[in-house]
1. Would you say Ala85 is at pLDDT 90 or above, part of a helix (DSSP H, G or I) and within 14 Å of the chain's Cα centre (by Cα)?
2. Inside region 16-67, can you point out the residues that are of a type outside the set (Gly, Ala, Ser), loosely packed, with under 11 Cβ neighbours inside 10 Å and outside any helix (DSSP H, G or I)?
3. Residue under question is Val71, and the condition is that it be in a helix (DSSP H, G or I) and modelled with pLDDT of 95 or more; does it hold?
4. So which pairs qualify, if the first residue must be in region 66-92 and under 15 Å from Leu16 (Cα atoms), the second must be among the polar types (S, T, N, Q), the Cβ gap must be under 7 Å, and the two must be at least 6 apart or on different chains?
Amino acid sequence: MTTETFLIALGIGSALIAFWLVVRFPDRAPGDFQRALVHVGIALAVGWFAPDIFAAIVAHGFAMAMTAVFVILFPVLVYTFLAGAWFLKLAHETFARYR
(Lines give C-alpha, C1' and ligand atoms only; values in the text may rest on other atoms or scores of the structure.)
Protein backbone atom coordinates (compact mmCIF):
# COMPACT_ATOMS: atom_id res chain seq x y z
CA MET A 1 0.00 0.00 0.00
CA THR A 2 1.38 3.38 -0.94
CA THR A 3 1.48 6.32 1.44
CA GLU A 4 -1.11 8.20 -0.61
CA THR A 5 -3.52 5.26 -0.58
CA PHE A 6 -3.10 4.87 3.17
CA LEU A 7 -3.79 8.56 3.79
CA ILE A 8 -6.89 8.47 1.61
CA ALA A 9 -8.13 5.40 3.47
CA LEU A 10 -7.37 7.09 6.80
CA GLY A 11 -9.36 10.17 5.81
CA ILE A 12 -12.33 8.20 4.51
CA GLY A 13 -12.30 5.92 7.55
CA SER A 14 -12.20 8.82 9.98
CA ALA A 15 -15.08 10.54 8.16
CA LEU A 16 -17.17 7.37 8.27
CA ILE A 17 -16.52 6.90 11.97
CA ALA A 18 -17.42 10.54 12.67
CA PHE A 19 -20.67 10.31 10.74
CA TRP A 20 -21.47 7.02 12.46
CA LEU A 21 -21.01 8.76 15.82
CA VAL A 22 -23.39 11.53 14.74
CA VAL A 23 -26.05 9.01 13.76
CA ARG A 24 -25.48 6.62 16.66
CA PHE A 25 -25.33 9.22 19.44
CA PRO A 26 -27.59 12.13 18.41
CA ASP A 27 -28.01 13.24 22.04
CA ARG A 28 -24.27 14.04 22.26
CA ALA A 29 -24.49 16.75 19.60
CA PRO A 30 -24.44 20.41 20.66
CA GLY A 31 -27.87 21.96 20.95
CA ASP A 32 -27.17 25.37 19.45
CA PHE A 33 -24.96 27.05 16.88
CA GLN A 34 -22.72 28.69 19.48
CA ARG A 35 -21.61 25.36 20.93
CA ALA A 36 -21.28 23.83 17.49
CA LEU A 37 -19.04 26.68 16.37
CA VAL A 38 -16.95 26.29 19.52
CA HIS A 39 -16.39 22.65 18.54
CA VAL A 40 -15.47 23.70 15.00
CA GLY A 41 -13.02 26.25 16.40
CA ILE A 42 -11.45 23.69 18.70
CA ALA A 43 -11.14 21.24 15.81
CA LEU A 44 -9.42 23.90 13.71
CA ALA A 45 -7.06 24.81 16.55
CA VAL A 46 -6.14 21.18 17.23
CA GLY A 47 -5.73 20.60 13.50
CA TRP A 48 -3.35 23.56 13.35
CA PHE A 49 -0.95 22.03 15.89
CA ALA A 50 -1.30 18.34 14.99
CA PRO A 51 1.18 18.40 12.05
CA ASP A 52 3.91 19.95 14.20
CA ILE A 53 3.46 17.37 16.94
CA PHE A 54 3.30 14.61 14.34
CA ALA A 55 6.52 15.82 12.68
CA ALA A 56 8.33 15.85 16.01
CA ILE A 57 7.31 12.25 16.73
CA VAL A 58 7.98 10.93 13.21
CA ALA A 59 11.64 11.85 13.58
CA HIS A 60 12.02 8.95 16.04
CA GLY A 61 11.46 6.18 13.50
CA PHE A 62 8.84 4.16 11.67
CA ALA A 63 7.24 2.57 14.74
CA MET A 64 6.75 5.96 16.36
CA ALA A 65 5.38 7.33 13.08
CA MET A 66 2.73 4.62 12.89
CA THR A 67 1.88 5.17 16.54
CA ALA A 68 1.55 8.91 15.92
CA VAL A 69 -0.77 8.30 12.97
CA PHE A 70 -3.26 6.44 15.14
CA VAL A 71 -2.76 8.40 18.37
CA ILE A 72 -2.59 11.94 16.95
CA LEU A 73 -3.78 12.21 13.34
CA PHE A 74 -6.68 9.77 13.41
CA PRO A 75 -8.45 11.29 16.47
CA VAL A 76 -7.89 14.81 15.14
CA LEU A 77 -9.44 13.86 11.80
CA VAL A 78 -12.40 12.13 13.47
CA TYR A 79 -13.05 15.15 15.71
CA THR A 80 -12.78 17.55 12.79
CA PHE A 81 -15.31 15.60 10.76
CA LEU A 82 -17.50 15.20 13.86
CA ALA A 83 -17.56 18.94 14.55
CA GLY A 84 -18.40 19.63 10.92
CA ALA A 85 -21.18 17.06 10.92
CA TRP A 86 -22.68 18.54 14.09
CA PHE A 87 -22.69 21.99 12.50
CA LEU A 88 -24.24 20.70 9.27
CA LYS A 89 -26.89 18.80 11.24
CA LEU A 90 -27.86 21.94 13.14
CA ALA A 91 -27.98 23.94 9.90
CA HIS A 92 -30.18 21.30 8.28
CA GLU A 93 -32.57 21.26 11.23
CA THR A 94 -32.76 25.05 11.22
CA PHE A 95 -33.53 25.29 7.50
CA ALA A 96 -36.01 22.41 7.72
CA ARG A 97 -38.12 24.43 10.17
CA TYR A 98 -38.68 27.12 7.55
CA ARG A 99 -39.99 24.83 4.82
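1. Numbers: at pLDDT 90 or above: yes; part of a helix (DSSP H, G or I): yes; within 14 Å of the chain's Cα centre (by Cα): yes.
Considered against the rule, which asks whether it is at pLDDT 90 or above, part of a helix (DSSP H, G or I) and within 14 Å of the chain's Cα centre (by Cα), Ala85 comes out as yes.
2. Phe25, Asp32 - these are the residues of region 16-67 that are of a type outside the set (Gly, Ala, Ser), loosely packed, with under 11 Cβ neighbours inside 10 Å and outside any helix (DSSP H, G or I).
3. no
4. Short answer, once both residue conditions are applied: Phe74/Ser14; Leu77/Ser14; Val78/Ser14; Phe81/Ser14.
The values are calculated or read from the model by the stated rules, or taken from the named source; none is laboratory data. Bear in mind the structure is a predicted one, so any value in this text is a computation, not a measurement. Glycine gets a Cβ as well: all are built from the backbone with ideal geometry, and neighbour counts include every protein chain shown.
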